[in-house]
Amino acid sequence: MQGDASDTVLVVGAGPAGLSAAASIAAAGFRPVVVEKEDVLGGAPILSGYAKLVPSGEWAKDAIGRMVARVEQDASTTVFKGTKVTGFEGEPGDFTATLSNGEHVKAGAAILATGFTHFDSINKPEWGFGTYEDVLTTTQMEQMVAGGKIFCPSDGRVPERVAILLCVGSRDRQIGREWCSKICCTVSTNLAMEIKELSPTTDVFIYYMDIRTFGLYEDKFYWKSQEEFKTKFVKARIAEVTTSGDGRLLVKGEDTLVKRPIVIPFDIVVHAIGMDPNEDNPEISKVFGVGLEKHGFIDRAEFYTSTCGTTRRGVFAAGSCYAPETIDDSISQGHAAAARAIAELHALARKKAG
Amino acid sequence: MANYAEMQQIFDDIRSDFRYDHELNGCLNCGVCTATCPSAHFYDYSPREIVQLLWTENVEQIYDAMQEKIWACAQCMTCAARCPFKNSPGGLVAIMREVAIARGLQSAKDVLRPFGRVMLKLITTGNQLSPDMIQPDHFPDWGPNIQKVEGDLKVLRKAIPVKTLQTVDTAWEVSLKTSVEMYTIWEMTGVLKSLEMMDENLFDVIEDFIDEKKEDYEDWLEEQDED
Ligand SMILES: Cc1cc2nc3c(=O)[nH]c(=O)nc-3n(C[C@H](O)[C@H](O)[C@H](O)COP(=O)(O)OP(=O)(O)OC[C@H]3O[C@@H](n4cnc5c(N)ncnc54)[C@H](O)[C@@H]3O)c2cc1C
Ligand code: SF4
Ligand code: SF4
Ligand code: SF4
């Protein structure tokens with residue numbers, strides 16, 4: 001048996017949200033027990049090898065790497081990798097979790113920081129992913145940028161024209177995804193600048209319905225990508241990606257300015273993939289007894305006085321398990337959830353005292 | 001040219017159709033419908049434009065689109081299968097066409113006139129195309145095999161091992177009873193009324209034809225009773 005319900009908080013998932021929650025709990029003098037299903041910590045930015053982050057411009061492996069080191073080096077923190085929670089019993093102030101490795105953990109509260117799942121572009125076959133080698137996702141393109149060279153996977157040539165298609169797997173009723181993934185507009189403008197920086201002869205076109213570079217991302221990303229990196233923005237959602245005889249990709253859409261269908265050649269097409277609910281959510285919902293909202297993300301408790309709550313008392317949540325979220329906001333939520341969990345540690349003692 | 005009140009009336013007719021709210025949820029203005037629309041490739045026609053005009057209640061431009069543009073739609077419904085907002089631009093066009101006809105717009109009459117011959121065939125026989133209408137020169141897309149129908153049509157059709165298909169002036173033989181049932185459907189669903197609105201001469205011809213067939217049917221029924 002690990003932990004003591006009076007000073008231990010179970011943190012599930014070690015992405016930006018879980019790492020910040022664990023750090024806060026430790027900093028306040030309590031004991032985080034972190035359970036991560038993968039063999040490395042860091043969540044999506046590390047697992048998918050993101051390049052430079054929005055908005056800091058720091059490399060993901062450095063920025064998130066610091067968060068990982070802070071947790072791994074803390075003496076009061078216990079970390080289980082390659083592990084899942086399979087059972088969770090008890091009441092606020094006195095929970096017992098059963099882990100997939102057979103261990104049991106006693107904890108006064110739990111924080112779900114189980115994140116999201118990348119949209120799988122195979123589910124939108126008309127956009128060519130899985131059919132054409134030069135159709136990539138933003139995560140693959142980030143990895144290419146991190147590798148330092150921009151080239152067409154099919155034959156290694158330097159692309160003259162790259163198209164980034166926004167809202168792939170978001171804002172689309174045909175495939176049951178009725179949400180905006182929040183970060184892909186800004187990530188795509190950032191990616192366009194990174195591509196141009198590495199490959200000055202490559203022109204980047206972004207196909208959009210709306211540009212959602214919210215808050216301070218407007219001038220830092222949307223404007224800058226045009227003014228300094230000549231990124232072209234075309235208002236159209238692409239309908240199909242096919243190929244021409246010479247192996248170039250053909251992108252079919254409507255030029256909404258002149259209201260005519262258009263077919264345009266490109267060398268690389270990038271899907272700005274959205275954020276799906278974590279594919280584990282049905283299982284997480286069952287194990288932890290928490291509800292899911294209608295899209296399949298973790299359901300929030302009343303927000304104004306129960307921030308970071310779920311439908312089960314003593315179980316909190318943070319980050320992109322709630323909804324598509326940015327790294328910065330996931331981190332803030334991790335700290336907020338930690339504060340609420342710490343307050344809950346004494347719930348049972350308070351209850352007994354009457 | 002209609003005045004504003006008339007154009008508003010036309011829009012109200014469209015909007016009050018029971019299908020309207022089902023076909024139009026809003027619009028993301030993405031252009032997927034236009035990009036996949038076969039008609040948009042050949043005509044000055046954009047389903048996104050139609051949806052936008054309806055959604056923004058631009059009654060003047062809606063009226064304008066009803067003069068010509070809406071007749072470019074092939075009613076293939078590709079747009080409805082693709083729209084990320086689950087609208088049906090093609091379904092909206094269908095409503096607009098029905099309103100154009102019900103209101104007897106001159107433009108609708110002009111557009112539909114060339115279809116008179118097909119309409120006559122369809123309503124009187126229940127068949128749209130019959131073997132004797134097929135002239136090889138008019139069907140280059142059928143390839144060289146089209147030449148085969150140049151032989152003696154009657155003999156060729158007799159070779160089909162289904163009796164009701166051994167016909168030349170209709171695609172298949174339709175029994176008198178089925179015909180009369182079909183006429184009843186045309187009447188009750190308002191098709192004949194639409195036809196009267198669009199082409200009075202054609203309507204008269206068809207009406208006479210239908211009356212005659214109905215009498216034949218009554219006679220036949222009486223004969224059966226006598227037996
Ligand atoms: C292409 C792309 C680029 C992006 N770039 C940026 C950017 O530059 N800046 C930015 O702010 N945001 C960016 N984002 C968003 C960013 O990925 C998220 O904000 C961030 O990853 C959310 O952190 P999280 O901790 O909530 O979830 P995650 O990063 O998904 O971490 C969840 C962790 O939980 C683990 N886990 C999941 N299920 C279980 C389970 N059942 N049991 C145990 N562990 C589990 C996972 O393995 C993972 O380690 C980008 C997103 C995409 C798609
Ligand atoms: S952030 Fe931009 S690209 Fe992503 S779903 Fe929202 S509108 Fe589309
Ligand atoms: S139904 Fe009409 S508008 Fe829709 S795709 Fe077909 S031709 Fe175009
Ligand atoms: S596909 Fe749907 S949402 Fe997009 S422009 Fe057409 S009607 Fe609007």
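With 20 Å² as the minimum drop in accessible area between chain alone and full protein complex (1.4 Å probe), the qualifying residues in region A:244-270 are A:Lys252, A:Glu254, A:Thr256, A:Lys259, A:Arg260, A:Pro261. Amide H contacts under 5 Å for A:Phe80: A:Val34, A:Val35, A:Glu36, restricted to partners 5 or more places along the chain or on a different chain, H placed in the peptide plane at 1.01 Å from N. Of interest is the spacing of the C-alpha centroids, which for region A:44-123 and region B:1-45 amounts to 50 Å. Beyond a 26 Å Cα-Cα separation, which of these cross-linked pairs lie in this structure: A:Lys230/A:Lys259; A:Lys81/A:Lys351; A:Lys252/A:Lys294? Over 26 Å apart, Cα to Cα: A:Lys81/A:Lys351; A:Lys252/A:Lys294. Over chain B, DSSP H runs of length four or greater, each weighted -39,500 (n - 2.57), average out per residue to a 222 nm ellipticity of -17000 deg cm²/dmol. Amide H contacts under 5 Å for A:Val168: A:Ala272, A:Gly274, restricted to partners 5 or more places along the chain or on a different chain, H placed in the peptide plane at 1.01 Å from N.
For region B:113-226, lysine pairs separated by 8 or more sequence positions, or belonging to different chains, with Cα-Cα distances below 20 Å total 12. Near the amide H of B:Ala74, within less than 5 Å, lie the amide hydrogens of B:Ser39, all on another chain or at least 5 residues away, with H placed in the peptide plane. Phi angles across region A:143-158 convert, under the Karplus curve 6.51 cos²θ - 1.76 cosθ + 1.60 with θ = phi - 60°, into 3J(HN,Hα) values of 5, 5, 4, 4, x, x, 9, 9, 8, 7, x, 5, 9, x, 6, 6 Hz, Gly and Pro given as x.
Entry comment: accessible area of the protein assembly as shown is 48 Å² per residue, from protein heavy atoms only and a probe of 1.4 Å.
Evaluating 6.51 cos²θ - 1.76 cosθ + 1.60 at θ = phi - 60° for every residue in region A:300-309, the Karplus couplings come out as 8, 6, 3, 8, 5, 10, 9, 3, 6, x Hz, glycine and proline recorded as x. Buried by at least 30 Å² relative to the chain on its own: which residues of region A:171-188 qualify, computing accessible area with a 1.4 Å probe on protein heavy atoms? Residues passing the criterion (a loss of at least 30 Å², heavy atoms only) are A:Arg171, A:Arg173, A:Gln174. Couplings for region B:175-184, taken from phi via the Karplus curve 6.51 cos²θ - 1.76 cosθ + 1.60 with θ = phi - 60°, read 6, 4, 4, 4, 4, 5, 4, 5, 4, 4 Hz in order; Gly and Pro are left as x.
The spacing between region B:121-138 and region A:292-354, judged by their C-alpha centroids, is 70 Å. Once A binds B, the 1.4 Å probe can no longer reach about 1800 Å² of accessible area, counting both sides. Leaving out ligands, DNA and RNA, what percent of the accessible area of the protein assembly as shown is carbon and sulfur, probe 1.4 Å? Ligands and nucleic acids excluded, carbon and sulfur give 53 percent.
Candidate cross-link partners of A:Lys106 among the aspartates and glutamates, defined by an alpha-carbon separation under 18 Å and a same-chain spacing of 8 or more, comprise A:Asp4, A:Asp7, A:Glu36, A:Glu89, A:Glu91, A:Asp94, A:Glu344. Taken residue by residue and averaged, Cβ atoms of other chains lying within 10 Å of the Cβ of B:77-84 number 3.
The values are calculated or read from the model by the stated rules, or taken from the named source; none is laboratory data. Only a predicted model underlies this, so the values are computations on that prediction, with no experimental measurement involved. Positions of Cβ are generated from backbone atoms using ideal geometry, with glycine treated the same way; all protein chains shown enter the neighbour counts. Ligands, DNA and RNA are stripped out before the accessible areas are found, and what is left, the full protein with its side chains, is counted by its heavy atoms. Shrake-Rupley method; radii C 1.70, N 1.55, O 1.52, S 1.80 Å.
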